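Novice: Would you mind keeping the following structure in view while I ask a few things?
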Amino acid sequence: MNTFLTFRLRSPAGWAWLLALWLGLVLAAQAQNVPARPDPPHLVNDLAGLMQPQEVAALEQKLVAYDDSTSSQIAVVTVPSLDGNDIADYAQKLYESWGIGRKGKDNGILVLVAKQEHLARIQTGYGLEGAVPDALAKRIISNTLVPAFKENNYYAGLDRGTDQLIALAKGEYKADPSQVQQQGSRDHSGSGPGFWIIIGVLVLFFILRSRGGAAGAGAGGLHSPHHLRRFLGWPRRIRRRRLGRWGWRRRRLRGLWRRQQRRRRG
């Protein structure tokens, strides 16, 4: 048991399995618990208390009117904290568990605001990804939501941001050229650390694999016939296929006969 474990951990594949197990434990530990869907349901849920009651009512009235006049649906949710979770994963789970959008069409939009982390996310269903692409959603966050949030005017930012989302869904939105920021500005929508963890695991796996291959070659020596054939691209199984079963046997017997002759001469 210990020998097998040692062998597995010394090989690059063993380390890859260990890293995959560690990654699974990390992701499981970060499994987020989103708030339960309110009953009766509302399109505006200010769980973080960022707006006044009359502002919540006005925003709710506008989104309900849009929901009644179209098949699409826009919901606004503010939360006190993400509890250390990635906002993209949190928004996706909240979107799915609350069932935003029409059933079978997946044409909903979720505007999520995290108070403690100062982050915002626009989660779009597959049915509206063509009308509301990620690039425009991020532009609405950086050009509309963030400037208003910095002034603690959350209602104004969400009111104007939802107006732009409604125009996008109708195909009537046009970006304001004066608000287009330069490339390389900070993205407030967040790109999850889980993505970079996976990239790091893959890079480490390939590094360990390359080192393991180099160490294996050095153990036998680059001048060893076995490793020389491997580096020249002539493994034994390939030569066996090319010679055929009987050709391989004849060649092997010929080699044995030659070794015996050399021993007799010596």
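The values are calculated or read from the model by the stated rules, or taken from the named source; none is laboratory data. On a predicted model such as this, the values are computed, not experimentally measured, just so you know. A quick note on method: Cβ atoms are made from the backbone with ideal geometry, for glycine too, and the neighbour counts reach across all protein chains shown. Side chains are part of the model used for accessible areas, which takes the heavy atoms of the whole protein and leaves out ligands, DNA and RNA. Shrake-Rupley method; radii C 1.70, N 1.55, O 1.52, S 1.80 Å.
Novice: I'd like the full set of residues that are under 18 Å from VAL79 (Cβ atoms) and either part of a strand (DSSP E or B) or in contact with a Cys (Cβ under 7 Å, 6 or more places away or on another chain) (or both), limited to segment 107-126.
Specialist: Of everything in segment 107-126, those that are under 18 Å from VAL79 (Cβ atoms) and either part of a strand (DSSP E or B) or in contact with a Cys (Cβ under 7 Å, 6 or more places away or on another chain) (or both) turn out to be GLY108, ILE109, LEU110, VAL111, LEU112, VAL113, ALA114, LEU119, ALA120, ARG121, ILE122, GLN123.
Novice: Now, a different point. I want to confirm something. Restricting to segment 127-155 and keeping residues that are part of a helix (DSSP H, G or I) and touching a Ser or Thr at 6+ places or on another chain (Cβ under 9 Å), which single residue is surrounded by the fewest Cβ atoms within 10 Å (Cβ to Cβ)? Write out each step before concluding.
Specialist: Our first condition is that a residue be part of a helix (DSSP H, G or I); within segment 127-155, this holds for 127-128, 134-150, 154-155.
Filter once more, so that each one left must be touching a Ser or Thr at 6+ places or on another chain (Cβ under 9 Å): 127-128, 134, 137-138, 141-142, 154.
Working: GLY127: 18, LEU128: 22, ASP134: 11, ALA137: 24, LYS138: 17, ILE141: 23, SER142: 19, TYR154: 22.
Restricting to residues being part of a helix (DSSP H, G or I) and touching a Ser or Thr at 6+ places or on another chain (Cβ under 9 Å), the top hit is ASP134.
Novice: Hey, another quick one. Just the residues that are under 19 Å from the mean Cα position of the chain (by Cα) and without any contact (Cβ under 8 Å) to a residue 40 or more places away in the chain, please, taken from segment 66-93.
Specialist: Selection gives ALA91, GLN92.
Novice: Collect the residues in segment 66-79 that are open to solvent by 10 Å² or more (accessible area, probe 1.4 Å) and either modelled with pLDDT of 95 or more or in contact with a Gly (Cβ under 8 Å, 6 or more places away or on another chain) (or both), keeping them in residue-number order.
Specialist: Initial filter on segment 66-79 (open to solvent by 10 Å² or more (accessible area, probe 1.4 Å)): 66-73.
Correct list: SER72, GLN73.
Novice: If you don't mind, there's one more thing I want to ask. Out of segment 102-126, which residues are more than 23 Å from the chain's Cα centre (by Cα) and either under 21 Å from GLY171 (Cα atoms) or surrounded by 17 or more Cβ atoms within 10 Å (Cβ to Cβ) (or both)?
Specialist: Those that are more than 23 Å from the chain's Cα centre (by Cα) and either under 21 Å from GLY171 (Cα atoms) or surrounded by 17 or more Cβ atoms within 10 Å (Cβ to Cβ) (or both): ARG102, LYS105, LYS115.
Novice: State whether the residues of segment 57-64 include one that is buried (at least 21 other Cβ atoms within 10 Å of the Cβ) and free of Cβ contacts under 8 Å to residues at least 60 places away in the same chain.
Specialist: No, that holds for no residue.
Novice: Go through (1) among the polar types (S, T, N, Q); (2) more than 22 Å from ALA167 (Cα to Cα); (3) in contact with a helix residue (DSSP H, G or I) (Cβ under 6 Å, 6 or more places away or on another chain) and name the single condition ASN107 misses.
Specialist: For ASN107, the failing item is (2).
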